[in-house]
Amino acid sequence: MAQLTYRESVSLAIAQAMRKDPKVFFIGEDVGAAGGVFKATVGLLEEFGKDRVMDAPISEQAILGAAMGAAMTGLRPIAEIMFSDFLAVCWDIVANQIAKTRYMSDGQITIPLVIRTANGGGSKFGAQHSQSLENWSMMIPGLKVVAPSSPADVLGLMNTAVNDPDPVIFYEHKSLYASKQELDNTDLSIPFGQANILHEGSDITIIGLALMAQRSKKAAEILKEKHDINAKVLDLRTLVPLDLQTIKKSINETGFAMTVEENPRLCGWGAEISSLITEHCFSNLKGPVTRITTPHVPLPSADILEDNTIPSVDLIVNEVIKKIKGE
Amino acid sequence: MVDISNDDIGEINRLKLWEMMLKLRLVEKKAYDLFLQNLIKGTSHLALGQEAIAGAFGVALQEGDYTFCTYRGHAHTLARGSSIEGVLGELMGRQCGLMKGKGGSMHLTDVDKGVMGSYAIIGAHLTIANGTALASKYNKTKEVSVCFFGDGTTNIGAFHEALNMAKIWDLPIVFVCENNLYMEYTAISDVTAVEHPAADRASAYSLEKIIVDGNDADEMFRTAQAAIQKAREGNGPSLIEAKTYRHSGHSRADPGKYRPDEEVKDWLENKDPITNYRKRLLDYNIDEKVISDIENKIKQEVEEATEISKSSPIPDTKEIFTDVWADGGYEWHN
Ligand SMILES: Cc1ncc(C[n+]2csc(CCOP(=O)(O)OP(=O)(O)O)c2C)c(N)n1
Ligand SMILES: [Mg+2]
């Protein structure tokens with residue numbers, strides 16, 4: 001039995017993948033000697049050496065381009081983009097090249113690579129180092145989108161990501177790096193497209209991702225203890241592929257649906273989920289689907305401003321009460 | 001006149017270069033005809049006039065080497081040995097096309113021949129080509145990666161990121177800037193801080209300044225061979241600037257009116273790589289008949305391939321839904 005942080009599980013997951021498969025290598029800025037700005041890759045350089053753990057220049061396009069080209073030959077690169085916000089400077093490589101080359105080449109080219117990146121708010125870093133950007137990649141055909149909410153999920157999903165033949169964007173939540181979990185076994189494998197039930201309940205289904213899944217779980221505990229409301233919490237874990245069956249089954253049982261997203265409102269992933277629920281579960285719905293998101297603003301920096309922008313446990317609790325009790 | 005006694009290239013390679021350039025020229029001309037007949041839709045960027053560059057590399061490279069080119073890449077694809085019907089069929093959106101119509105003119109790909117794709121967003125493929133080169137280094141294998149791009153591409157960030165990375169990691173790669181003096185419709189000199197858009201940047205990445213007459217197939221071949229050998233022997237990247245000129249406009253829609261008539265005339269009449277090479281072959285005492293036999297052979301090949309492409313079926317609409325993912329499909333939920 002070992003207690004692992006989310007941060008430690010990142011480096012362990014990469015190490016496990018690299019031990020198993022000599023085709024796996026790791027590239028990013030400040031990832032080797034420095035162990036990553038979030039210390040999520042400590043120890044990798046020491047174990048695997050410079051040929052497999054490559055400290056790159058500040059060249060996000062060159063990093064992802066090199067990872068893509070190497071993947072095209074059959075290697076299995078893991079590339080780090082330090083903050084997910086920086087995806088904007090290499091979005092051509094992600095959205096035009098990595099995502100579309102398999103299709104355009106009629107399947108001649110396979111791109112088995114993982115882009116891992118620190119995502120999300122909570123650190124008071126301001127609007128350019130705090131975004132939750134899963135929806136940017138979700139809307140592009142050809143990208144798989146993963147966002148783990150626990151150390152076990154980091155291990156299991158990274159294992160699947162590295163072995164997946166398609167490009168995967170792996171969003172690690174900055175505010176979860178310090179979270180801990182007891183684990184008997186670290187050699188985990190979690191299939192993509194399998195939502196995780198974080199809390200059982202029959203009154204409402206709350207659907208979250210990463211930090212918002214964990215906050216939804218806390219909200220469900222409070223709702224049960226203090227308000228006699230039983231909320232079922234689904235952690236989607238992967239947006240693409242999406243576990244629509246589990247969502248449908250749960251909504252058909254509870255009749256109420258709520259998504260909790262950390263991104264601004266417009267075109268957030270919850271909009272797609274909401275549309276799917278309406279399409280597939282309409283006759284079993286007891287009310288409209290509620291979306292909780294950040295307001296449609298860039299994230300502000302000051303404690304009180306950021307805390308009041310990102311959906312909190314209290315906000316989720318209150319919204320659920322309003323919905324169930326019709327207040 | 002040429003010095004026949006001191007011929008480092010030799011008749012065999014010269015005839016390969018001749019055949020290669022003719023093929024590239026005649027297929028491009030055919031592509032143009034097929035447009036006019038409305039059998040090719042979409043856009044297309046011809047490399048007419050620039051054949052010596054792709055052609056020389058085509059002859060100099062080995063099987064297994066990787067090439068990356070741009071939307072102006074019909075020639076570069078053919079130069080690796082891709083079939084003419086594979087190229088023309090793709091332009092015509094037929095099943096015999098290299099990607100069965102899923103990529104089109106700007107994305108020709110033929111992995112079996114080492115054609116790792118044609119890229120239509122300026123700059124990206126320089127970074128991607130570093131990746132295949134990195135793989136060769138990682139695997140300790142001897143392939144060389146070659147990346148073709150235009151003069152305009154030297155002004156985008158990816159060019160600079162890619163050169164720096166190739167140099168710091170000593171990658172087995174050759175970057176080939178085809179300086180045809182214009183980006184799209186703007187003269188490169190109007191928008192570039194240096195005279196030689198690629199070569200003058202080389203020193204910033206500790207690379208040698210290499211400028212070559214890209215319309216002289218022999219010079220191109222020598223330069224290509226040297227850079228390829230350097231990369232293959234583990235001595236790192238090269239950046240070549242090859243001076244050339246496109247005979248037609250930037251793309252199908254462009255009559256190229258922004259270029260002075262005198263300039264166009266000079267390049268077409270005095271500096272055409274194919275006209276000039278024919279003269280050189282004669283100077284080297286190669287039989288006129290040998291030269292024209294090759295011409296006739298290529299003409300016939302192009303005609304045959306055109307017929308194959310025209311009679312090839314259009315793709316099944318089921319193709320829309322294939323190969324988003326490695327499992328062959330496009331599903332995003334269960
Ligand atoms: C990032 C990007 N910006 C602009 C364009 C539009 N565009 C297509 S080709 C081209 C000119 C490129 O010039 P050059 O690199 O000299 O290549 P050439 O066409 O002369 O072969 C431009 C601006 C593009 N495809 N990608
Ligand atoms: Mg140009």
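Split the accessible area of the range A:1-104 by element, probe 1.4 Å, and carbon with sulfur accounts for 56%. Placing a label point 7 Å from the Cα of B:S203 along the Cα-to-Cβ direction, the residues of the range B:156-177 whose backbone N falls under 18 Å of that point are B:164. Taking the C-alpha atoms only, the angle from helix A:6-20 to the longest principal axis of chain A is near 40 degrees.
Globularity index of the range A:70-134 is 1.31 (Cα radius of gyration / 2.2 N^0.38 Å, N = number of residues). Under the criterion of Cα pairs below 8 Å and six or more residues apart, the relative contact order for the range A:2-183 equals 28 percent. Cα centroids of the range B:134-159 and the range A:1-69: 23 Å apart. The residues packed around B:G234, meaning those with a beta-carbon under 11 Å from its beta-carbon, carry a net charge of +3 if Lys and Arg are +1 and Asp and Glu are -1. Among the protein heavy atoms of chain B, carbon and sulfur supply 50% of the accessible surface, probe 1.4 Å, non-protein parts ignored. Averaged over residues, the count of other Cβ atoms within 10 Å places the peptides B:31-41, B:186-196, B:76-86, A:143-153 in the sequence A:143-153, B:76-86, B:31-41, B:186-196, highest first. Solvent-accessible surface of protein heavy atoms, probed at 1.4 angstrom with all chains present, puts B:W169, B:W325, B:W332 in the order B:W332, B:W169, B:W325, largest first. For the residues A:R76, A:R116, a 1.4 Å probe over the protein chains yields an accessible-area ranking, largest first, of A:R76, A:R116. Rolling a 1.4 Å probe over the protein heavy atoms leaves A:H296 with an accessible area of roughly 110 Å². Lysines within cross-link reach of A:K322: Cα-Cα under 16 Å, excluding same-chain residues under 8 positions apart? In chain and number order, the partners are A:K224, A:K226, A:K286.
Between B:L36 and B:R222, the C-beta separation translates, for a Förster distance of 45 Å, into a calculated FRET efficiency of about 0.75.
Binning at 10 angstrom from zero up to the longest distance, how are the C-alpha pair distances of chain A distributed in percent? The percentages, shortest bin first, are 6, 27, 34, 23, 9, 1, 0. Under a Gaussian network description of chain A, with springs only between Cα atoms under 10 Å, the residue in A:E46, A:E134, A:E60 that fluctuates furthest is A:E46. Computed with a 1.4 Å probe over protein heavy atoms only, the accessible surface of chain A comes to 36 Å² per residue. Of A:C90, A:C267, the order by accessible heavy-atom surface (1.4 Å probe, DNA, RNA and ligands excluded), from most exposed downward, is A:C267, A:C90. Take every Cα pair under 8 Å whose residues are at least 6 apart in sequence, average their separation, divide by the length of the range A:1-65, and the relative contact order is 31 percent. Going by a ≥ b ≥ c, the root eigenvalues of the Cα gyration tensor, does chain B fall in the rounded group (a/c under 1.5), the prolate group (a/b larger than b/c) or the oblate group? Rounded shape, in that the Cα axes give a/c under 1.5.
Against chain A, whose longest principal axis is taken from its Cα atoms, helix A:151-163 shows a tilt of about 50°. Rounded to two decimals, the Cα-based Rg/Rh of the protein assembly as shown, with Kirkwood Rh, is 1.05. Principal-axis analysis of the Cα atoms of chain A puts helix A:244-254 at an angle of about 20° to the longest axis. Per-residue shielding of B:119-129, expressed as the average number of other chain Cβ atoms within 10 Å of the residue Cβ, stands at 6.
Computed from the Cβ-Cβ distance with R0 of 41 Å, the FRET efficiency linking B:D170 to B:T317 stands at 0.30. In straight Cα distance, which lysines are under 20 Å from B:K299, not counting same-chain residues fewer than 8 positions off? Within the straight-line cut-off, B:K299 pairs with B:K16, B:K23, B:K29, B:K30, B:K279, B:K289, B:K310.
With a 10 Å cut-off around each Cβ of B:319-331, the average count of Cβ atoms from other chains is 4. Entry note, the range B:220-331: relative contact order of 9 percent, from Cα contacts under 8 Å with a spacing of 6+ residues. Can you grab the distance from the C-alpha centre of the range B:298-318 to the C-alpha centre of the range A:266-327, Å, no decimals? Between the Cα centres of the range B:298-318 and the range A:266-327 lies a distance of 55 Å. The mean number of Cβ atoms from other chains found within 10 Å of a Cβ in peptide B:98-104 is 4, as a whole number.
The values are calculated or read from the model by the stated rules, or taken from the named source; none is laboratory data. What you see is a predicted model, and the numbers here were worked out from it, not measured in a lab. When we count neighbours, we look across all protein chains shown, and the Cβ atoms used for this are built from the backbone with ideal geometry, even at glycine. The protein model used for the area step is the full one, side chains on, heavy atoms only, and it has no ligands, DNA or RNA in it. Shrake-Rupley method; radii C 1.70, N 1.55, O 1.52, S 1.80 Å.
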